[in-house]
Amino acid sequence: MTLIKSISGIRGTIGGAQGENLTPIDAVMYAASYGTWVKQQRNKEAYKVVVGRDARISGEMVQQLVMNTLVGMGIHVVDLGLSTTPTVEMAVPMEHADGGIILTASHNPKQWNALKLLNNKGEFLNAEAGQEILNIAEGGAISFADVDSLGKITINDAYIDLHIDEILELPLVHVSAIKKAGFKVVVDAVNSTGGIAVPLLLEALGVHPVKLYCDPTGHFPHNPEPLKEHLGDLMELVTKEHADFGLVVDPDVDRLAFVDEKGEMFGEEYTLVAVADYILRNKPGTTVSNMSSSRALRDITEKHGGTYTASAVGEVNVVQQMKDTKAVIGGEGNGGIIYPELHYGRDSLVGIALFLSHLAEEKIAVSELRKQYTSYFMSKKKIELTPQLDVDKILKEIEARYSGEEINTLDGVKIDFAENWVHLRKSNTEPIIRIYTEAKSQKEADALADKFIAELREISGS
């Protein structure tokens, strides 16, 4: 069992000992630390925080603990109940709230839960804010309100509908064209809140949804990470139903992957590529993804005359880079679409609407659309080193060896070769170097990873 406290929030497994798992005491402590941080940001008479959750089994318990902790601190709470991560992110500024908490462990199995923390813009906290909250949890002064100053909880279950309304109003979401196309789409929502939100969106767009695992019970029917090896039922149902395509979202609906009309994976890395292709055709500009995402986004950006830049790994880093470069579209290769026209957060719902618009405009099958993009293959490996080794020094040696190549040291060392790339990142918690590679065949990607593992072993003497 595990409890992980980091600058991006607290996550852990339910049950077990305090401080070693995500127990009620840990949930209350971290909620109180966040509430203290919120009150430190501005001197106000009243504070408001939006709280929503995915459908995991522990969600209601954890939400009640978190909300009533905030109430005890004199903070008013807007309770969205079952919701999605992007919906909570949008609700924070719409409510003029001081922050937000999403109770979800994203793609982790059912025994996990987490508190994901937002600022008053509805965006994930940066490293500095996250560290301040950790410091408060580890010994900062936490003060609760007197009986006449307690906060109140207001229930508002309208925000999924409001989120969808905002998507339908986007200029590049072509509602009439989508309705005319008469799409049929299979939806795997892994029995979480995507089972509420995605069918509502599709029906509003005139798309016929075929529901697979859309009952928000929190009993995940398969591993909730949207990878090929977990999606056999979706692939089978797409062909059985003669659907135009299938889609799967993770439990909190910020990752999105497609299955084509033949029941084959579109490729999680290509969710962002396809949506970016559509956006750039209509609004040329810059794009951003993290350094471990596919080169295919750079290819499609340059095809449309735009400029691609890479950020450090982590959604908050992608968002900051997007703001700095005024990117028109960005995200992460794990199926996370960030469309700033709507908000700065990964959002499967807007990704679905933009993908449908692209498909309606192209008037081709999903499998044919996929053929328009260069095929790349990725390898993800790691090498464990002894604790006494200086990982930074090892990475510096790699950088020196390949100084004649295109190198990015924003987050570890990424080396861009003409036909492939390798990204080496150290773990912040253990003596591990992660090796990500991409090439035009799986064999080449694996061979490149093995080559660098051998070099790292040589340098480290391990």
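Rule-based calculations on the coordinates, nothing more; no lab input. If you're wondering where the values come from, they're calculated on a predicted model, not measured in any experiment. Virtual Cβ from ideal backbone geometry, glycine too; neighbours counted across all protein chains shown.
Of the beta bridges DSSP finds with both residues in the chain, what % are antiparallel, to the nearest 5?
Beta bridges within the chain, antiparallel portion: roughly 55 percent.
Report the convex hull volume per residue for the range 162-370, counting only C-alpha atoms, in Å³.
105
What base-10 log of the normalised intensity I(q)/I(0) is obtained for the range 377-460 from the Debye formula, alpha carbons as equal point scatterers, at q = 0.14, 0.21 Å⁻¹?
The calculated log intensity ratios at q = 0.14, 0.21 Å⁻¹ are -0.42, -0.95.
Where Rh is the Kirkwood radius over the Cα pairs of the range 63-172, the temperature 4 °C and the viscosity 1.567 mPa s, what D in µm²/s does Stokes-Einstein return?
Roughly 84 µm²/s, to the nearest whole number.
Among 386, 307, 193, what is the fewest-to-most ranking by other Cβ atoms within 10 Å?
With the fewest neighbours first, 386, 307, 193 line up as 386, 307, 193.
Just how large is the dipole of the range 3-157 about the Cα centre, in debye to the nearest 20, putting +1 at every Lys and Arg Cβ and -1 at every Asp and Glu Cβ?
So the magnitude is around 200 debye.
Using alpha-carbon positions, what is the distance between the centroids of the range 434-462 and the range 324-388, in Å?
25
When the gyration tensor of the chain is built from Cα positions, what are the square roots of 5 times its three eigenvalues, in whole Å, from largest to smallest?
Value: 34, 30, 20 Å, ordered largest first.
Suppose a student asked you for the relative contact order of the chain, using Cα pairs under 8 Å spaced at least 6 residues apart; what percent would you report?
Reported as a whole number, the value is 11 percent.
Among 209, 46, 258, whose Cα sits farthest toward the positive end of the charge dipole of the chain (+1 at Cβ of Lys/Arg, -1 at Cβ of Asp/Glu, about the Cα centre)?
Of the listed residues, the answer is 258.
Taking only C-alpha pairs under 8 Å that are 6+ residues apart, what is the relative contact order of the range 377-460 in percent?
RCO, the range 377-460: 38 percent.
Averaging sequence separations of C-alpha pairs under 8 Å and six or more residues apart, then dividing by the length of the range 26-171, give the relative contact order as a whole percent.
Dividing the mean separation by the residue count of the range 26-171 yields 31 percent.
Compute, for the chain, the length of the dipole vector about the Cα centre, with Cβ point charges of +1 (Lys, Arg) and -1 (Asp, Glu) only. Units Debye, rounded to 20.
Once rounded to the nearest 20, the dipole reads 300 debye.
Count the DSSP beta bridges whose two residues both fall in the range 3-157, then state the antiparallel fraction as a percent rounded to the nearest 5.
Bridges in the range 3-157 that DSSP calls antiparallel: roughly 45 percent.
Let me know the charge dipole size of the range 162-370 about its Cα centre in debye, to the nearest 20, where only the beta-carbon of Lys, Arg (+1) and Asp, Glu (-1) is charged.
It comes to approximately 560 debye.
Report, in listed order, any pair from 184/363; 44/121; 262/414; 228/382; 380/440; 5/382 with a Cα-Cα distance greater than 26 Å.
262/414
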